[in-house]
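Here's the structure we're looking at; comments come further down.
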Amino acid sequence: MFRSVQVVLRAIAVLSICLWHTVLALPSIVRGDVTGRARRLVVALGPAFVKGAQLLSTRRDVLPAGWCEALAELHDRVPPMPVRVARKVLRSAYGGEPPFTVDWDSVRSGSIACVYRAEHDGGAVALKVRRPRVRERIEQDFAVMRAGAAVMQRLPRLRGLPAVAVLRQIGDAVAAQADFGAEAGALAELRESLADVGYLHIPRPLPGLCAEGVLVMEFVDGLTPLDAGDVPAARRSELARRVLHCAYRMLFLDGLVHCDMHPGNLYLGRDGRIVLLDAGFVVRLEPRVRRLFAEFFMHMARGDGPHCAEILRESAEGVADWADVAAFRRGTIALIEQSSGRNARDFSLVRFATRLFDLQRVNGLFAAPEFIFPLLALLVLEGRINALDEELDFQAESIPVLTKAVMSGLLKIGPREQA
């Protein structure tokens, strides 16, 4: 009962914040400049909404460039918590004065935490300090979203859509970003699984220095954003392929998926290696989900629409009583034929996913909620890839990794593919 009251109060607060910022935005609307006010609205709404805005900022195929640039500031330039609050968190975590000298002016601030450069025993470390009560706020916001989704699912055209289940999956994963013990483990696991990738560097966690609400890692200096404007033209295509290869390795071989490879977490180090920061939003895929997603991607890259349709039918969370499986199959085959072999400039994962969603909705087949994570990982990354090399064949680049998965026995291809 108490939790329900909290959710209702939070919903009222969200509506009030939206109304207040809409009123404040009226002069900006008249001037035709609303991006700054929109960014402030997202920050006021809280970390769950900031996460959504971070994703949108990577999608120049969805939002105008000015909006993307404004929202991109939310990757690591969310207003930081006051220094006095950060000091209080550290003193509570370490039971007194922390064993660091912190450079409070070096802050990089996200929706979950603030990161500072600090000194420990004469060496530099990165100090990630969690914002107070952030997990509670995220859980409340996703509860509000689920309540709205539950109402939406009652509409005739959306009946059977697993929107509540999808939001539960995403909400649990986003809230888990506040678990710094889990993030330290994910950093260590990613470092181990990708240790043979010589062009990638992932900061080393320092477990002996961590505490509740505080993650301490190796400090990596001299980072350059992995952005087309900061990367020499001669290297852009190579870097795009390398980043994509790492993502495919995680998706199809390791099953440990980094869903947050946005510009605030991808950099180029002084030694020329790609640096991947932050492992808070890392999800372990169940073997079945990894297998089905990999098989779908393999057949899409090969232009094999019938097999793609069969995989989607097999993996469906539910099939409505009124489902038209034959129409769904025909639509999927047509979509794959239109999408296969396109380069980054001509292929949009957002448009593809939207059309696939419409096919499922109209024909009464609904994808398993777990598929949202590999899709989300690629949606976040696609904008970065497109900016670096719009000629890249997003699908064809997956073939070497998928082939390795087949050779290692993680994937199997049936008689049709072998023929």
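The values are calculated or read from the model by the stated rules, or taken from the named source; none is laboratory data. It should be emphasised that the depicted structure is a prediction, and the values quoted were computed from it without experimental measurement. All Cβ positions, glycine included, derive from the backbone under ideal geometry; neighbour counts span all protein chains shown. Surface accessibility is based on the protein's heavy atoms, side chains included, excluding ligands, DNA and RNA. Shrake-Rupley method; radii C 1.70, N 1.55, O 1.52, S 1.80 Å.
Here are a few things to note about the model shown:
- Filtered residues of segment 170-184 (kept if over 13 Å from the mean Cα position of the chain (by Cα), open to solvent by 10 Å² or more (accessible area, probe 1.4 Å) and more than 12 Å from Arg135 (Cα to Cα)): Gly181, Ala182, Ala184
- His262 in contact with a strand residue (DSSP E or B) (Cβ under 6 Å, 6 or more places away or on another chain) and either surrounded by fewer than 20 Cβ atoms within 10 Å (Cβ to Cβ) or not basic (Lys, Arg) (or both): no
- Failed criterion for Ile333 (all others in (1) open to solvent by 20 Å² or more (accessible area, probe 1.4 Å); (2) closer than 19 Å to Ala368 by Cα; (3) in contact with a Gly (Cβ under 7 Å, 6 or more places away or on another chain) hold): (2)
- Val151 vs. criteria under 30 Å from Asp321 (Cα atoms) and either of a type in the set (S, T, N, Q) or open to solvent by less than 50 Å² (accessible area, probe 1.4 Å) (or both): no
- Taking first residues from segment 350-371 that are at positive phi and assigned to a helix (DSSP H, G or I) and partners that are of a type in the set (A, V, I, L, M, F, W, C) and buried (at least 21 other Cβ atoms within 10 Å of the Cβ), no Cβ contact under 7 Å between residues at least 6 apart in sequence or on separate chains turns up.
- Any chance Asp278 is under 30 Å from Arg131 (Cα atoms) and out of contact with any Phe, Trp or Tyr (no Cβ under 6 Å at 6 or more places or on another chain): yes
- Only one of Arg313, Arg270 that is over 22 Å from the mean Cα position of the chain (by Cα), over 24 Å from Pro369 (Cβ atoms) and without any contact (Cβ under 8 Å) to a residue 60 or more places away in the chain: Arg270
- Checking each residue in segment 284-326 for being open to solvent by less than 80 Å² (accessible area, probe 1.4 Å), in a helix (DSSP H, G or I) and in contact with a strand residue (DSSP E or B) (Cβ under 8 Å, 6 or more places away or on another chain) picks out Leu312, Ser315, Val325.
- Candidates Ala247, Ala176, Ala165, Ala195 - the one that is more than 17 Å from Val282 (Cβ to Cβ) and of a type in the set (A, V, I, L, M, F, W, C): Ala165
- The residues of segment 344-370 that are aromatic (Phe, Trp, Tyr) and either buried (at least 21 other Cβ atoms within 10 Å of the Cβ) or more than 27 Å from Asp324 (Cα to Cα) (or both), listed by number, are Phe347, Phe366.
- Residue count for segment 185-226, restricted to those that are without any contact (Cβ under 8 Å) to a residue 40 or more places away in the chain and crowded, with 16+ Cβ neighbours inside 10 Å: 3
Condition check ((1) out of contact with any strand residue (DSSP E or B) (no Cβ under 6 Å at 6 or more places or on another chain); (2) open to solvent by less than 30 Å² (accessible area, probe 1.4 Å)) across all residues:
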position	(1), (2)
Lys88	yes, no
Gly96	yes, yes
Asp105	yes, no
Gly110	yes, yes
Val125	no, yes
Lys128	no, yes
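- Some residue of segment 327-347 being out of contact with any helix residue (DSSP H, G or I) (no Cβ under 8 Å at 6 or more places or on another chain) and in contact (Cβ under 8 Å) with a residue 60 or more places away in the chain: no
- Pairs where the first residue, in segment 133-146, is farther than 15 Å from Ala163 by Cα and the second is of a type in the set (Ser, Thr, Tyr), C-beta under 9 Å, 6+ apart: Val134/Ser111; Ile138/Ser111
- In segment 330-345, the residues that are part of a helix (DSSP H, G or I) and closer than 14 Å to His299 by Cα: Thr332, Ile333, Ala334, Leu335, Ile336, Glu337, Gln338, Ser339
- Unique residue being in contact with a strand residue (DSSP E or B) (Cβ under 6 Å, 6 or more places away or on another chain) and open to solvent by 40 Å² or more (accessible area, probe 1.4 Å) when the list is Glu119, Glu136: Glu119
- Matching residues, segment 295-322, being touching a Gly at 6+ places or on another chain (Cβ under 6 Å) and at pLDDT 85 or above: none
- Residues of segment 51-61 include none that is over 25 Å from Leu379 (Cα atoms), open to solvent by 20 Å² or more (accessible area, probe 1.4 Å), modelled with pLDDT under 75 and charged (D, E, K, R).
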